[in-house]
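For reference, the structure is listed below as C-alpha cells.
The values are calculated or read from the model by the stated rules, or taken from the named source; none is laboratory data. In this text, all values refer to a predicted model and were calculated from it rather than measured experimentally. Glycine gets a Cβ as well: all are built from the backbone with ideal geometry, and neighbour counts include every protein chain shown. Each accessible area value is taken on the protein alone, full model and side chains, heavy atoms only, with ligands, DNA and RNA left out. Shrake-Rupley method; radii C 1.70, N 1.55, O 1.52, S 1.80 Å.
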Amino acid sequence: MTLKSTSDKGPQTLSIHGGEAPDPVSGASAPNLVMSSTFVVDEEISFSANNLSSETPFVYTRWANPTTQQLESKLAILEQAEAGIAFASGMAASAAVLLAHLSQGDHLVISNTNYPGTAEFARETLTRLGIEVTPVDTSELANIESAMRDNTRMVWLETPSNPLLRISDIRGAADLAHRQDALLAVDSTFASPIATRPMTLGADLVVHSLTKYIGGHGDAMGGSVCGKQELIGPLRGEALVHYGGVISPFNAWLIMRGMATLPLRMRCHQENALAVARFLEDHDRVEKVLYPGLESHPQHALASSQMDNFSGMICFRCADPKRVAERMMQRLEVIHYAVSLGHHRSLVYLMQTDDLVGSSYRLQGEELDKYRDAAGEGVFRLSIGLEDSADLIRDLDSVL
Ligand SMILES: *Cc1c(COP(=O)(O)O)cnc(C)c1O
C-alpha cells in the first residue's frame with residue numbers, strides 16, 4: 001500500500017499518501033514518529049558529510065531521520081521536484097540556499113520588497129561575506145534583465161511577495177537567469193504547492209516556510225527546499241549537517257499531518273479571502289485592497305496564469321492605520337492581531353512603511369516613491385483563515 005506512481009495522482013491523494021508508507025514492522029497506517037537522535041548501525045559509517053549519500057543508512061538525525069524523510073518526499077512530490085530537504089524554519093532553508101549556492105564574488109538579484117528576514121540576510125550577511133546583492137522590483141522582468149551581470153549566479157523571487165502581494169513571472173525570470181547560467185530560486189510560501197509549482201515553470205529551487213500554509217495550524221516551525229537532486233544533495237551535506245538547522249522529527253510529523261488537508265484548506269482560504277477582499281473593496285473607510293484574485297489587482301492576469309489558487313493573503317490600506325491597529329488589538333473577537341500567516345486562524349498585522357523601508361528594504365528614490373504610493377503609512381497584512389467568512393467580515397467591520 002505504497003503509491004506505485006505519483007504522476008497519475010491528484011494533489012489530494014498526494015497530500016495524504018505521497019511519501020508515506022505503512023510501517024513495515026507494526027503495520028501502522030499513520031507515519032511513525034521516530035524521536036531518536038542516533039541510530040544503531042551494523043557497519044562503519046564515515047563521520048564526514050562529504051561521504052554522505054542517498055545509500056547511507058540512518059546514523060544521526062542531523063543528517064537524516066525516517067519521519068523527516070517522509071515529509072521531504074511528500075514535499076518533493078507536491079512540488080514536482082526530484083528531491084526535497086527540510087530545515088528547522090523557513091529562514092534556515094533560505095539561508096541554506098543562499099549560503100550554500102553563492103560564494104564570495106558572486107552576484108545575487110533579489111526582490112526589493114519581500115520577507116524582512118530574507119531582505120536583511122541578503123543586505124547584511126551576504127554583502128559582509130563578499131557577495132554582491134542587487135535588490136530590484138522583480139514583478140517587472142525588465143528590472144531583472146537590467147540587473148543581470150556576468151557574475152550573477154542566482155535570481156531570487158518571492159511570489160506573491162510580502163507585504164504588497166506583487167507577483168513575479170517565474171517562467172520569464174527562469175529564462176533570464178538561465179541565459180546567464182544563474183540559478184532561479186523561488187520563495188513560494190505565500191502560494192503553497194497547491195497554487196504554484198515553480199519547478200514546472202523553470203525554477204531550480206523552491207523554498208517554503210512550512211510554518212505557514214503547508215503546516216497550516218500555527219503550531220510547528222519548519223522550512224524546506226525542493227529541486228533537482230544535484231542541487232539538494234549539497235544542501236544536506238553542507239547546510240543541514242554543518243549549519244545544523246535541523247527540523248525536529250516531531251515538527252516534521254505535525255507538518256505532515258497538516259499537509260493531508262492542504263488542498264482542502266487552500267480551497268477554503270481562497271473562498272474566504274475573495275469574500276473578505278470584496279467586502280473590503282466596497283468599504284468606505286478602506287482606501288486600497290490588494291488580492292491577486294481581484295480583477296483590480298494590477299497583475300491579476302499574471303496571477304491567473306501562474307496560480308491555480310489565489311491563496312488567502314490580502315493586503316489593505318485605510319486612513320489612520322495606527323488607530324485602526326489599536327482598535328484591532330482591543331476589539332477583534334475572531335481574528336488574532338499577530339504576525340505570521342497561512343494558519344487555520346485568521347491573523348492581521350500592520351506593516352508600517354517607515355519600519356520596513358528603512359531597516360529591511362532600504363528603498364530610495366523612485367523605488368521608495370513607488371512603495372509609498374502603494375502602501376501609504378502602512379498596510380494591514382491579513383491572513384484569511386478557515387473560519388466562517390461572515391464572522392471575519394463582521395469582525396473587520398467592527399474595527400474599520
Ligand atoms: C515566514 C516566511 C519566511 C520565514 O519562515 P520561518 O519559518 O518564519 O523561518 C520566509 N519567507 C516567507 C515568504 C515567509 O512568509
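On a per residue basis, the convex hull of the C-alpha atoms belonging to region 169-309 measures out at 140 Å³. Summarising the amide proton neighbourhood of residue 287: residues at separation of 5 or more, or on other chains, whose placed amide H is nearer than 5 Å comprise 317, 318, 319.
How large is the direction-averaged shadow of the alpha-carbon convex hull of region 153-194, in nm²?
2.9
Here the dipole of the chain is about 460 debye; that uses its Cα centre as origin and unit charges on the Cβ of Lys and Arg (positive) and Asp and Glu (negative).
Ranked by the mean number of other Cβ atoms within 10 Å of their residues, highest first, the peptides 209-215, 316-322 come out as 209-215, 316-322. Relative to the longest principal axis of the Cα atoms of the chain, the long axis of helix 90-100 makes an angle of roughly 60 degrees.
Taking all protein chains into account, the per residue accessible area for region 1-128 stands at 51 Å² (1.4 Å probe). Looking at region 137-237, the accessible area is 29 square angstrom per residue; that uses a 1.4 Å probe and ignores ligands, DNA and RNA. Against the main long axis of the alpha-carbon atoms of the chain, helix 170-179 sits at an angle near 60°. Measure off, as a whole percent, the carbon and sulfur share of the 1.4 Å-probe accessible area of region 262-397, all protein chains present. Whole-percent figure for carbon plus sulfur exposure: 45.
Once the Cα atoms are used to define both axes, helix 262-282 deviates from the longest principal axis of the chain by about 10 degrees. Note on region 11-259: dipole from Cβ charges, positive end direction compared against 232, 31, 69; the farthest Cα belongs to 31.
Projected over all directions and averaged, the alpha-carbon convex hull of region 11-259 occupies 13.2 nm².
Put simply, when 286-292, 389-395 are sorted by average Cβ atoms within 10 angstrom per residue, most first, you get 286-292, 389-395. Our estimate of slack between residue 319 and residue 387, defined as 0.36 nm per intervening residue step minus the Cα-Cα distance, is 21.8 nm. Between 144, 101, 90, the Cα set farthest toward the positive side of the dipole of region 1-160 (charges on each charged residue's Cβ, about the Cα centre) is that of 90.
Take every pair of alpha-carbon atoms less than 8 Å apart whose residues are at least six positions apart; their mean separation over the length of the chain yields a relative contact order of 17 percent.
Counting only protein heavy atoms, what percent of the accessible surface of region 11-259 is carbon or sulfur at a 1.4 Å probe? Can you show the working numbers first?
On the way: 4880 of 9700 Å².
Ligands and nucleic acids excluded, carbon and sulfur give 50 percent.
Between the beta carbons of residue 40 and residue 175, assuming R0 = 60 Å, the FRET efficiency works out to 0.75 to the nearest 0.05. Using the average count of surrounding beta-carbon atoms within 10 Å as a protection proxy, the listed peptides 12-23, 31-42 rank, highest first, as 12-23, 31-42. Taking only the C-alpha atoms of region 262-397, Rg followed by Dmax gives 14.8, 43 Å. Per residue, region 262-397 exposes an accessible area of 46 Å² to a 1.4 Å probe, with every protein chain left in place.
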